[in-house]
Amino acid sequence: VFNFSAGPAMLPPAVMLRAQNELINWRDGGTSVMEISHRGKDFVEMAEKSEQDLRDLMAVPDDYKVLFMQGGGRGQFAAVPLNISSSNETSLHMVTGSWSKGAVSEANKFNNAVVIGETTQREGKAFVPQPEPSDIDQRAAYLHFCPNETVDGIAFDWLPESGDVPLVADMSSTILSQPIDVSRYGIIYAGAQKNIGPSGLAVVIVHESLLGKAQSVTPSFMDYTQTADNNSMYNTPPTFSWYLAGLVFEWLKEEGGVEEIARRNNHKAQLLYNAIDQSDFYRSQVHSACRSKMNVPFQLAEPSLDDKFLSMADEAGLKALKGHRFVGGMRASIYNAMPVEGVQALVDFMSEFERTHG
Ligand code: PLP
C-alpha cells in the first residue's frame, strides 16, 4: 500500500517499525516512552538529541531557538502575531492558497493584518508573482507567507525582498524536504504531521531578536520566550509525538540528510508532473514555475471518471488520492517518506487507467 495522504501523512516504515518494537519497552526500561516523566533523564536526553538532530539537518544557526510546541500549524497562526506584534502593529501577508489565507484572519484578531500579494493566473494557470519592494511597509512587524500550499499544490522557492521586516514562513508541508538558509527568516514554523511526525506538535525556529515581545495577553504556553526558557517543557509536552519526531530526524540523517532527500523529492515530483503533462487525459492547474514538489493536485479531463479513478486506485493499493474539497480532482502528497516506488506505481496506474478509459 502507498499512502498519498496530505496529512497526517505516511511516516517512514523503518521509523514505524522501530516505534512498534519500542512501544512498551523503551530503552529497556520496561515502560513506554508515553508512561515516563518528561523531566526524567531518559526523556530529557531524547529531547536534547532530537533538537540537535534537527539543528544539524537544517543547519540552524546558534542565534535561533528551536521550540517544540503544541497546537499544530493553526496554533502558530495565533502564536506568531501574539508573540512578535502588538495589537496596533501591522503584519503583512502573501495569500497564495488556503493556509496562508487562514493565517490572515487569525492574525487580524491580534494585530492589523494586511494582504500584500496574492496568487494570480498566468497562461491560464495559478501563478505567484513576487511582491514589489514598494508594497512592503518597513514599519510592519513581520511578513508572513506559506512557501508550500498543501491544499492548492502551489509553491515557490524565492524569498520576498522584505528589507528589515522579518520573514515568517509556514513550512508545515515543506520543512526538511530541501535545504534552506534559515538565517534569512525571522521565524519558521511547521505542524508536524507531514515531514516530521504525528499531528498536534509544532516545531518553531525563531531568531532570538524576536523573543521578549509577546503581547501581555499571550497564553503562557504559547509564549516563545517562556517556551524557550523552559526547554519546551513549560507544560507537559506531547511526549510520544516528540519522541517519534526524534526518530524521523534520526532516519533522515541516516538517509543522507536534506540534500539527499531533496534529490529524491525532485525526482519523484518530476516523474509525476511528466506523467500529467505528457497526457491530455490529466491536467495540472498550477503554472510550471509554482508547482509543489510535496502536494500534486491533478484533474481528469473527464471529471465524471473521478470516482472510478479513486476507487480503482484504492483497490490497487494507492490510498488517499482524493483532492481537497476546495479543489476537487485528485491530489498526491509525496512527502519525504514516500518512496520513488510509490510514485512509479501511481504513474503506472494513471497510464493504465488512461489506456482503458481514455
Ligand atoms: N499550514 C499548512 C501549510 C498546513 O498544511 C496545515 C495543515 O495541514 C496547517 C497549516 C494547519 O495545521 P494544523 O491542522 O496542525 O493546525
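Derivation of every value follows stated rules applied to the coordinates shown; laboratory data play no part. Source: prediction; values computed, not measured. So basically every Cβ, Gly included, is an ideal-geometry build from the backbone, and we count neighbours across all protein chains shown.
Loop-resident trypsin sites (Lys or Arg not before Pro) (DSSP state other than H, G, I, E or B) in the stretch 123-196 with no more than 12 further Cβ atoms inside 10 Å of their Cβ: Arg139.
The lysine pair tally for the chain, using Cα distances under 15 Å and a gap of 8 or more places or different chains, is 9.
Between Ala269, Ala155, Ala228, the residue with the greatest mean-square fluctuation in the GNM of the chain (Cα pairs under 10 Å linked by springs) is Ala228.
In the chain, one over the average inverse separation of all distinct C-alpha pairs is 21.2 Å, which is the Kirkwood hydrodynamic radius. What the Cβ-Cβ distance of Met16 and Asp56 gives, at R0 = 30 Å and to the nearest 0.05, is a FRET efficiency of 0.85.
For the residues Leu252, Leu54, Leu17, a GNM of the chain with alpha-carbon springs under 10 Å puts the largest fluctuation on Leu17. A simple spin-label model places pseudo-atoms 7 Å from Cα toward Cβ; at Val114 and Glu341 they are separated by 5.4 nm.
How would Asp348, Asp280 line up from fewest to most surrounding beta-carbon atoms within 10 angstrom?
Numbers: Asp348 13, Asp280 9.
In order of increasing Cβ crowding within 10 Å: Asp280, Asp348.
Charging the Cβ of each Asp and Glu at -1 and of each Lys and Arg at +1, and nothing else, the dipole of the chain about its Cα centre rounds to 540 debye.
What full-extension length gain, to one decimal in nm, is calculated for Asp42 and Glu315 as 0.36 nm per residue of separation minus the Cα-Cα distance? Spell out each step's value before the answer.
Working: separation 273, 0.36 × 273 = 98.28 nm, distance 4.33 nm.
Here the answer is 93.9 nm.
Charging the Cβ of each Asp and Glu at -1 and of each Lys and Arg at +1, and nothing else, the dipole of the stretch 1-84 about its Cα centre rounds to 260 debye.
Quick one: of the DSSP bridges fully inside the stretch 13-254, what percent are antiparallel, nearest 5?
Working: 17 of 32 bridges.
Antiparallel: roughly 55 percent of the beta bridges in the stretch 13-254.
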